[in-house]
Amino acid sequence: MQKGIYECVNCGHREVFESNEALLEGACPKCGGDMILVGFSLEAGEKVASDVSVDIEELVSRFYQAEFVEKKGEVYVFKVREIFERDFEAVLREFESKGYWAALKKADGDVVLYVFPAGEVKPDNPKIGITLFVLTLLSTLWAGYVLAINHIATLNEFGLPGYRNPYVIAIAFSLSVMAILGTHEMGHKIAATIHNVKATFPYFIPFPNILGTLGAVIRVKSPVPTRDAAVDLGVSGPLAGILVAIPVTIIGLRLSPLIPKSLVPSTEGSVYFGTNLLFMILERLVLGGALEKGDYVVFLHPLAIAGWVGILVTFLNLIPAAQLDGGHIARAFMSEKTHRYFTIGIGLALIPLSYFWSGWLIWGLLILFMGSAGNPGALDEVTPVSKSRKVLAILALLVFILTATPVPLSVE
């Protein structure tokens, strides 16, 4: 006899029974209510009974009216005829409790469900994260000290007022950079936790450069369940980071001296920080009309440099390619094949831009390298992106445009 899928009229609990009666009175194991027939279990036969475990059969039948197709290694393939539960994250939690993951895809016009053993999620080693944090704190303190010494030298050269304690300035710079990067990655971590995606805490990357770091990352250890979750994970970091970068930039600009162009000697080898719409807006708001006349040069305070870096990091992460934050957002709206071509196009387009900034060569090659691995996207690619996440994606696009910095650094 084919098994029937029954739903309690009182509490909504679903259960599979070896029956096809329309009503089972008092059969609900949770509340004792009546169970009504809402569908049938797998159209199985002997092949299903031999190839599909009882756990998987019951799990699938609770949420889908599905037909078993085949077993490929450890992966069970079902053709879905009806979806009972639209909240895929709730479905995935039930599968995970039994040791499985599931993916809902479209293939040749059909909705296909893949069920496979959940991957092992190894616990984090907190010592690694703590060690990297301490090293990055020290490296950013040193970078901040070097910037502070140069800033104080500029104040002294032009006889300008300003705070001259290099140690305090270095601490302020270090904490600002760490706060921007840490908030960015914690935005990802919080979004991952909300959607039950396993992820590490931020790993900071120390490096002996002008900033003392190459940024921070988190490791995602389990698949992204839905397209909405992919948008949330992609948007959360840049939006969180930019909310810290903006006030840091404003404070830094208020501390940055304006020097008349006529007093500034033309020095070869000087480093110029590239601008973007957001930084230009903040400059106009903080520094006022002096910049509009074009009579002054801004010597950025180390805090302003920290804020500028936060804005640049936001822009670079929102590039809609590969596994970057913007890449995850774009992938939520594209098929895997389209997104792969999109990534290749962006990677190739960045390489000629290295004529203006050598860093684009590195970024172009990096995107091509990451893109070669593809972006698998969300487990559920059947459910469309919700309206609220479309609004978030548009907001991310707006931030991308405002922070776009074609030539981040130049030397004259």
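The values are calculated or read from the model by the stated rules, or taken from the named source; none is laboratory data. Note that this is a predicted model, so its numbers are computed, not measured. Quick reminder, even Gly has a Cβ in these numbers, built from the backbone with ideal geometry, and neighbours come from all protein chains shown.
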Practice task
State all residues of the stretch 243-266 that are over 33 Å from the mean Cα position of the chain (by Cα) and either surrounded by 14 or more Cβ atoms within 10 Å (Cβ to Cβ) or free of Cβ contacts under 8 Å to residues at least 40 places away in the same chain (or both); if no residue qualifies, say none.
Solution key: Pro257, Leu258, Ile259, Pro260, Lys261, Ser262, Val264, Pro265, Ser266
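From Leu59, Leu155, which residue is touching a Gly at 6+ places or on another chain (Cβ under 9 Å), modelled with pLDDT under 95 and either acidic (Asp, Glu) or not in a strand (DSSP E or B) (or both)? Step through it out loud before you land on a result.
On the way: Leu59 fails: touching a Gly at 6+ places or on another chain (Cβ under 9 Å).
Just one listed residue meets the conditions, Leu155.
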Problem - Filter result (more than 17 Å from Asn317 (Cβ to Cβ) and out of contact with any helix residue (DSSP H, G or I) (no Cβ under 7 Å at 6 or more places or on another chain)) within the stretch 358-372 - result: Ser358, Leu365, Ser372
Fill in the blank from the handout: When restricted to Leu392, Leu300, the only residue assigned to a helix (DSSP H, G or I), assigned by TED's automatic domain parsing to the domain that holds Leu278 and farther than 26 Å from Gly109 by Cβ is Leu392
Exercise for the section: Enumerate the pairs (first residue in the stretch 142-159 and on the phi < 0 side of the Ramachandran plot and in the same structural domain as Leu258 (by TED's automatic domain parsing); second residue anywhere and exposed (fewer than 13 other Cβ atoms within 10 Å of the Cβ) and not in a loop (DSSP other than H, G, I, E, B)) with beta-carbon separation below 7 Å, excluding pairs fewer than 6 apart on the same chain, so at least 6 apart or on different chains. Expected result: Phe158/Leu263
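Ala199 - would you say it is outside the structural domain of Ala90 (by TED's automatic domain parsing) and in contact with a strand residue (DSSP E or B) (Cβ under 8 Å, 6 or more places away or on another chain)?
On the way: outside the structural domain of Ala90 (by TED's automatic domain parsing): yes; in contact with a strand residue (DSSP E or B) (Cβ under 8 Å, 6 or more places away or on another chain): yes.
The answer is yes for Ala199.
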Handout entry: Condition broken by Glu57, with the remaining ones in (1) within 25 Å of Glu336 (Cβ to Cβ); (2) buried (at least 16 other Cβ atoms within 10 Å of the Cβ); (3) more than 25 Å from the chain's Cα centre (by Cα) satisfied
Key = (1)
Problem - Filter result (surrounded by fewer than 16 Cβ atoms within 10 Å (Cβ to Cβ), touching a residue at least 12 places away in the same chain (Cβ under 8 Å) and either touching a Ser or Thr at 6+ places or on another chain (Cβ under 8 Å) or outside any loop (DSSP other than H, G, I, E, B) (or both)) within the stretch 80-95 - result: Arg81, Glu82, Arg86, Arg93, Glu94
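Checking the conditions here, which among Gly345, Gly377, Gly326 is of a type outside the set (A, V, I, L, M, F, W, C), surrounded by 15 or more Cβ atoms within 10 Å (Cβ to Cβ) and more than 13 Å from Arg227 (Cα to Cα)?
Working: Gly345 fails: surrounded by 15 or more Cβ atoms within 10 Å (Cβ to Cβ); Gly377 fails: more than 13 Å from Arg227 (Cα to Cα).
Within the list Gly345, Gly377, Gly326, the selection yields Gly326.
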Practice task
Consider Lys105 carefully, then state whether it is farther than 30 Å from Thr183 by Cα, at pLDDT 90 or above and within 25 Å of the chain's Cα centre (by Cα).
Solution key: yes
Fill in the blank from the handout: Ala66 passes all but one of the listed conditions (1) on the phi < 0 side of the Ramachandran plot; (2) out of contact with any strand residue (DSSP E or B) (no Cβ under 7 Å at 6 or more places or on another chain); the exception is number (2)
Completion exercise
Note: among Ile250, Ile246, Ile259, Ile210, just one is more than 20 Å from Leu324 (Cβ to Cβ) and part of a loop (DSSP other than H, G, I, E, B), namely Ile210
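Residues in the stretch 180-191: is at least one surrounded by fewer than 18 Cβ atoms within 10 Å (Cβ to Cβ), of a type in the set (Val, Ile, Thr) and assigned by TED's automatic domain parsing to the domain that holds Asn375? Lay out the reasoning, then the answer.
Applying the first criterion (surrounded by fewer than 18 Cβ atoms within 10 Å (Cβ to Cβ)) to the stretch 180-191 yields 190.
Those left that are additionally of a type in the set (Val, Ile, Thr): 190.
Add one more test, that the residue is assigned by TED's automatic domain parsing to the domain that holds Asn375, and what stays is 190.
Checking the stretch 180-191: at least one residue is surrounded by fewer than 18 Cβ atoms within 10 Å (Cβ to Cβ), of a type in the set (Val, Ile, Thr) and assigned by TED's automatic domain parsing to the domain that holds Asn375.
Kindly evaluate Gly212 against the criterion of being on the phi > 0 side of the Ramachandran plot and either modelled with pLDDT under 95 or over 17 Å from the mean Cα position of the chain (by Cα) (or both). Can you show your working first?
Details: on the phi > 0 side of the Ramachandran plot: yes; either modelled with pLDDT under 95 or over 17 Å from the mean Cα position of the chain (by Cα) (or both): yes.
Considered against the rule, which asks whether it is on the phi > 0 side of the Ramachandran plot and either modelled with pLDDT under 95 or over 17 Å from the mean Cα position of the chain (by Cα) (or both), Gly212 comes out as yes.
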